[in-house]
Each structure stands twice: as structure tokens, then as C-alpha cells.
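The values are calculated or read from the model by the stated rules, or taken from the named source; none is laboratory data. Please read all numbers here as calculations on a predicted model, not as lab measurements. For neighbour counting, all protein chains shown are included, and Cβ atoms are generated from backbone atoms with ideal geometry for every residue, glycine included.
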Amino acid sequence: MPELPEVETLRRALLPLVENKRILGIRFFRKDLRFPIPQDQIKVQVINKKTQRIVRRAKYLLLQVETGSMLWHLGMSGRVIQKNTMDPDEPHTHAIFHFEPDTFLHYIDPRRFGCILWVPASEGHPLINHLGLEPLAPDTTARALKQNARGRKASIKSFLMDSRQLAGVGNIYACESLFKAGIGPKKPAGNLRLKDWEILLQSLRETLEKSIQAGGTTLRDFFNTDGKKGYYIIQLNVYGRENQPCPLCKTPISRIVQIGRSTFFCKSCQRI
Ligand SMILES: [Zn+2]
């Protein structure tokens, strides 16, 4: 499933292809993905308009034109591939977007859990309106996180994965950044000191950035043919390594279940 670093890698790869480029045409090949595609609305709003910016919120990409944004989500199995044709040439191609002068982006999603929607500038959209702070945004600070976590008895692990607090942090990145920061996953979020938040935010950013770097800088790098992408490439210290030795202290890695998800951690190294 595409995680935040993959979507950010895709955004960076798309930047030179779509920013300040006019959208010349769109073809849709389905009425719906996870949700109905508002085809007519999207065509009216974006065709012959310039994409001013492409921004990411959690795992959503927003291609902003003057009146709003076209929202893309890749679901479980979605990809966006650059091709030379306005015709679909592989199965599960659900939409094709033509950007000037000759960029054809094919949206392909075998399992169809993704979505293509229209977000009016004035209203936003329920999928993104309640998202919390972006971990990579410069204006997300340790102080703000500490403030938001004040009095919270829920664990720091569940806080990291709560999209109303932090947008788009998946299980792997929550586990790995808690390990890097030396913070126990069960610690109540409200008990972290400012210094702990500083270390944790830095660890989270480093973990995400490392994965983004591993994803490459072009669409071709990003969706390489062997299907390996994003987090498969970064070294995992604790995630998926139950009972294997901790890379720092050799203690066997522990696994517990928190809010229905596995948490992997080292009980010796993560003592804060
Ligand atoms: Zn350890």
C-alpha cells in the first residue's frame, strides 16, 4: 500500500510535469473507484486551467487550480505512470490526464480503493478537513505536538497514528521512529516532555525522509518494474522483527498489539 513517503516521492516526481502546466484533456474509463468520480465537474473545473501547485495532505495529492483542487488517492494498489499516449495500454487504467505540452499521466489501480475527487477551494473536503499536523511541514513543531497531547492518556504509538493529530503516519514509520527516539510505545502521549517531542519529531522526519530519498526522484525510479518501492528499501530496525536481536543491544524485539495493530519495539532501548 502506498505510504506517506511514496506519495511524497510521487509528488516530487510530478512537480516538473504538472506545476504551472495547463491540463489539456482528461479521459475517464470508469464511473467510480472507491467513490463516484465527479467526471463532469472535474472536466469543467480543470480542463484548460493551469495547475498552480501540487500539494500533499497525508496520503492525498491535491492538484490545485484557481477554483479548487483535483484530489488523487492511490488506495491500496494505485499508481500514476507517465506514458506517451492518451489511450489506455494496460489493464486497470481508470483515467488519463494530458498536461501541456505532452505529458500523459495514467492513473492505474487494480483494486480500485483509490479515488479521484473534486475539492472546491471554499469548502475543502471531509476526507482532508480534519487531518492533523503534517510531520514534514516546517511549521509543525515539537511545542505544538506537546500542546495537542496535553492531558492525553492514550499511548504515544496511537497518538502518532491518529490522523487527526499527525497526518499520514503509517505503522512502520510510527514503530521505527519511536525506536530511533528511544521512546516506549505504551507511554501516555500526555507524559512526553518537550525534549522527548523534539527527539521524536526529528526521528520521524529522518525516517520518512530516508524512505523518500530511497524512492528516487523521477516517476521511472519511483515505479520501477520489480514493484519494490518506498519502505521496502529502508532498513527496518524493529518493524516485523519479533524475537530477532535489537540492532543496538541484541535484546529480542518485542511485539504487542495496540489499537488492533502490531507494535514492534525494544524494551531495553525504548525506556523513555
Ligand atoms: Zn535494544
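Here PRO38 meets each of (1) under 16 Å from GLY124 (Cα atoms); (2) crowded, with 17+ Cβ neighbours inside 10 Å with one exception, condition (2). In the range 78-94, the condition of being modelled with pLDDT of 95 or more, buried (at least 19 other Cβ atoms within 10 Å of the Cβ), under 15 Å from GLU8 (Cα atoms) and of a type outside the set (Asp, Glu) is met by no residue. Is it the case that the range 2-17 has a residue that's outside the structural domain of ARG205 (by TED's automatic domain parsing), among the aliphatic types (A, V, I, L, M) and outside any helix (DSSP H, G or I)? No - not one qualifying residue is present in the range 2-17.
Counting just the residues of the range 1-47 that are among the β-branched types (Val, Ile, Thr) and over 17 Å from GLN64 (Cβ atoms), which one comes out modelled with the lowest pLDDT? Across the range 1-47, the extreme among qualifying residues is THR9. For the range 236-272, the set of residues classified as more than 13 Å from the ligand (Cβ to nearest atom) and under 24 Å from the mean Cα position of the chain (by Cα) consists of LEU236, TYR239, GLY240, VAL257, GLN258, ILE259, GLY260, ARG261, SER262, THR263, listed by residue number. Taking helices (runs of 4 or more DSSP H) as the structural unit, those lying wholly within the range 132-220 and holding at least 2 residues that are aromatic (Phe, Trp, Tyr) and not assigned by TED's automatic domain parsing to the domain that holds HIS106 correspond to 171-181.
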